[in-house]
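Some notes on the structure that comes next.
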Amino acid sequence: MQRIGLGLIGCGGIARSAHLPAMGQLVDHVALLATADTDLSAAEAAAAPWGATAHTDYRAVLARPDIQAVVVATPEYLHAEQVCAAAAAGKHVLCEKPIAPSLAEADRMIAACAAAGVHLLIGHSRRFTRRYMEIRAAVDRGEIGEVRLFRENERRPRGIPQIWWTPRHWTGNPQVSGGAPMMNAIHETDLMRWFIGQEARSVTAEVNTTIEGNVGVIDFISLTVRFANGAIGSAEVLNCAPPGYPAFHQLEMYGTAGAIRARDHELTGLTRFGDTGADYPGHYEMLLHNLPAYARELAELVEAIREARPVKLPASEARAALEIALAAVRSAHLGQAVELGR
Ligand SMILES: NC(=O)c1ccc[n+]([C@@H]2O[C@H](COP(=O)([O-])OP(=O)(O)OC[C@H]3O[C@@H](n4cnc5c(N)ncnc54)[C@H](O)[C@@H]3O)[C@@H](O)[C@H]2O)c1
């Protein structure tokens, strides 16, 4: 079967750690033909194993007629421009989450892809993570009855060297970074909608900045969402834990007939201490966030292209997750609940 020609726009952290390995896992189905990053060395490093061409301008990727689909893995403030340009060039798109920083941009992206007749799959990778898929199947089988409370806590370390969430990296620039609500809590707002199966009606939240050098980017958020059927979704995310702190997710779900609990950090039993602090070998095998999810995500786009059917995760779902996350930030700033969908 003909392999699908791929382009990669943005060759930074998530491209290196997730999308390039995912392409490698699907080598019989996809071929990376061109990459783009404003940092040419990043584009070249991503391109080299595939013999792909490397560019600093993403439009050079979109100009290639042999490329059918692009993976957009740039910061979210670039998604609308790049996804709309990809659609205009007739390319299918797998774009990282969050779909965009604003609902207006999300709407433009969805409309542009629909008008061009190309797929837009937003990389809500947790939807493709085995453990969440298993939990979802258990909920669908009615094992815990109707979900009344969904709660997830997430912790992320700052990393070494520590440039993220400081002005030395886009994540630390309040002009372009949505901080923890956009980087992390967008997953939680998506998951709570998915598991509760209802639309959000109101959101209450608190946010904070916690680390020295942070010039105003939210790195902690606690949010509570009331859904149309009265169910509650709750999440608490800190993404500036000290370097070496184990990344983890902790999920609890209570239904009318039972409960489900899943905790990553039970897996991080091995701790190694070195010159750079503590590390946790194997913590990327976390149950709730892991690499095979990205291969499943890409495979979904490939199958949708081959079968000429809509992607199973419509971009409207990513928009709905964004709406809740944006309302949460508004709630924190206003100091009151924000109503949704009325
Ligand atoms: N699905 C997940 O679990 C997950 C995890 C991490 C990040 N993300 C998302 O992925 C996106 C990228 O995050 P990251 O962690 O890889 O950031 P990053 O800073 O590590 O990488 C971004 C890359 O984009 C490049 N870039 C910047 N401007 C560009 C432009 N105009 N054209 C082409 N390339 C450009 C940068 O040089 C950099 O290499 C964000 O939207 C983030 O929310 C998703």
*For Ala88, work out the one condition from (1) more than 9 Å from the ligand (Cβ to nearest atom); (2) modelled with pLDDT under 95; (3) of a type in the set (Gly, Ala, Ser) it doesn't fulfil.*
(2)
*Any residue in the range 177-192 that is without any contact (Cβ under 8 Å) to a residue 40 or more places away in the chain and either in the same structural domain as His79 (by TED's automatic domain parsing) or outside any strand (DSSP E or B) (or both)?*
no
*Would you pick out the residues in the range 7-58 that are more than 9 Å from the ligand (Cβ to nearest atom), under 20 Å from the mean Cα position of the chain (by Cα) and in a strand (DSSP E or B)?*
Gly7, Leu8
*Output the qualifying pairs, or none if there are none: Cβ atoms under 7 angstrom, residues six or more apart or on different chains, first residue in the range 193-206 and free of Cβ contacts under 8 Å to residues at least 40 places away in the same chain, second residue part of a helix (DSSP H, G or I).*
none
*How do the helices (runs of 4 or more DSSP H) wholly within the range 70-166 filter down when requiring 3 or more residues that are within 18 Å of the chain's Cα centre (by Cα), surrounded by 15 or more Cβ atoms within 10 Å (Cβ to Cβ) and without any contact (Cβ under 8 Å) to a residue 40 or more places away in the chain: which remain?*
79-88
*Select, from Arg193, Arg131, Arg158, the only residue that is at pLDDT 95 or above and at negative phi.*
Arg193
*Condition test on Ala42, is it at pLDDT below 95 and closer than 20 Å to Leu291 by Cβ?*
no
*Among the residues of the range 92-122, write down those that are within 13 Å of the ligand (Cβ to nearest atom) and basic (Lys, Arg).*
Lys97
*asked:* Out of everything in the range 282-295 that is farther than 15 Å from Leu20 by Cβ and under 14 Å from the mean Cα position of the chain (by Cα), what residue ends up being modelled with the highest pLDDT?
replied: Asn290
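The values are calculated or read from the model by the stated rules, or taken from the named source; none is laboratory data. Note that the coordinates shown come from a computational prediction; the quantities given were computed from them, not determined experimentally. Here Cβ is always computed from backbone atoms with ideal geometry, including for glycine, and neighbour counts include all displayed protein chains.
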